[in-house]
Amino acid sequence: MRMPTLRMSSTVRTAVIAVLVLAVGVAGFMLARATGASEPDAIPVGGEVNSSASPAPDATAARPTALSPDVSAIHQSQVSAMTFEAAEDLPNTPAVAVGYRVATGKIKPQELAAVIAQQFGVLGSPASTDEGGWKVGGATDTAPTVNVYSDPLVRWAFANAELTAGAAIDQDRAQQIATTLLAPLGVPTDEVEWEIQRDQNRVVVHAWLVLKGLRTELGWTVVVAPDGEVVWADGFAASLVPVPGYPVLGATDALDRALEPGWQFAGPTPWDGAGATQDMAVPGPVPTVKGKPALVAGVQVLTANRAELSLAQFWQPNGSLLILPSYVITTNDDRKWSLLAVTDAYVAVRDMVPAADVPNPAIAAP
């Protein structure tokens with residue numbers, strides 16, 4: 001049996017609707033007071049006004065951003081990304097090129113410590129250190145000291161804590177002092193790239209090792225005080241040995257490989273001091289999709305239109321330096337980028353693990 005259908009007159013229907021509307025309105029008002037709002041744009045900001053004096057904020061409350069780190073790690077002021085593409089005429093011819101590796105040869109750190117100590121006038125005999133290196137001098141905190149480290153580069157350092165007052169000496173004289181000290185240690189002072197800076201009343205002289213016209217991250221430093229005394233010096237004693245016969249990819253293939261997942265280490269890496277960075281902006285208004293605002297993300301596409309086979313340096317896990325054939329690519333904004341060129345056979349990719357799981361992990365030189 002069907003349930004009977006209830007019917008009501010128009011007058012009764014109108015009265016019932018009015019009561020329902022009033023009830024819904026009251027319920028909505030109470031819900032809004034309880035939750036603050038029923039729409040996202042009505043979320044209260046700042047709360048109720050308090051006429052009483054507010055306490056001064058402490059250091060932890062003075063955050064540089066209004067975003068809570070508990071909300072999300074993505075809070076850039078501008079969301080953007082960069083990608084690369086090869087021009088149609090970018091060279092893509094495989095080749096063979098020369099790389100370089102670090103070699104200590106017959107260098108003995110203990111004997112090197114004695115030689116450097118004699119060169120810098122530090123008295124004493126080499127003594128082994130807890131780190132496996134050698135030390136000369138340093139009987140007191142201010143006494144001149146020479147340290148030689150047993151690492152792949154055979155790094156060394158001289159320190160003299162006594163400083164003198166006065167004006168900085170002439171930069172040419174500082175370079176001459178550095179040359180006189182470094183040349184007997186085997187530094188090719190006629191072939192390095194000199195960089196001289198002033199640090200207050202001291203002159204800092206850098207001698208950077210150059211390979212095929214390219215300055216490497218390897219070099220020697222001498223810091224000269226106002227009276228001409230050397231207060232700091234450091235460098236390395238290992239040699240760079242040519243390694244011929246590295247097969248290299250064409251420039252287009254090398255760029256395509258670098259853009260694959262997991263190959264970010266292969267570049268492109270900005271070439272220091274090359275080109276001028278142009279200010280970029282994301283055009284157009286913020287769009288909406290079905291009434292909801294959409295995220296606007298800017299993507300800058302750089303086109304590699306020139307490539308020159310060159311060299312790039314890579315620190316190894318054991319702290320040594322490997323210099324490998326790489327491309328210097330030029331993009332359409334006149335910037336230059338370094339791009340690894342050797343074939344996959346000469347790249348060993350390993351999953352990283354916590355340092356605690358690796359016995360005696362090496363710390364790469366800065």
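The values are calculated or read from the model by the stated rules, or taken from the named source; none is laboratory data. Model, not experiment: these values are computed from the prediction. Heads up, the Cβs are rebuilt from the backbone with ideal geometry, glycines too, and the neighbour counts pull from every protein chain shown.
The condition of being in the same structural domain as Glu229 (by TED's automatic domain parsing), surrounded by 14 or more Cβ atoms within 10 Å (Cβ to Cβ), among the small types (Gly, Ala, Ser) and under 25 Å from Arg215 (Cα atoms) holds for only one of Ala117, Ala174, Ala143, Ala183, that being Ala174. Checking the structure you have, find out if any residue of the range 211-228 is in a helix (DSSP H, G or I), outside the structural domain of Trp271 (by TED's automatic domain parsing) and farther than 23 Å from Gly105 by Cβ. Scanning the range 211-228, I find no residue that is in a helix (DSSP H, G or I), outside the structural domain of Trp271 (by TED's automatic domain parsing) and farther than 23 Å from Gly105 by Cβ, so the answer is no.
Here Arg198 does not qualify as farther than 26 Å from Gly319 by Cβ and crowded, with 17+ Cβ neighbours inside 10 Å.
Okay, residues lined up against (1) within 30 Å of Val328 (Cα to Cα); (2) of a type in the set (Gly, Ala, Ser):
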{"position": "Asn201", "(1), (2)": "no, no"}
{"position": "Gly235", "(1), (2)": "yes, yes"}
{"position": "Val241", "(1), (2)": "yes, no"}
{"position": "Trp271", "(1), (2)": "yes, no"}
{"position": "Ala281", "(1), (2)": "yes, yes"}
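Has the range 348-365 got any residue that is modelled with pLDDT of 90 or more and over 20 Å from the mean Cα position of the chain (by Cα)? Yes, the range 348-365 contains at least one residue that is modelled with pLDDT of 90 or more and over 20 Å from the mean Cα position of the chain (by Cα).
Residues in the range 242-260 include at least one that is among the aromatic types (Phe, Trp, Tyr), closer than 18 Å to Leu340 by Cβ and at pLDDT 90 or above.
Taken together, the residues in the range 129-166 that are touching a Phe, Trp or Tyr at 6+ places or on another chain (Cβ under 6 Å), free of Cβ contacts under 8 Å to residues at least 40 places away in the same chain and not hydrophobic (A, V, I, L, M, F, W, C) amount to 1.
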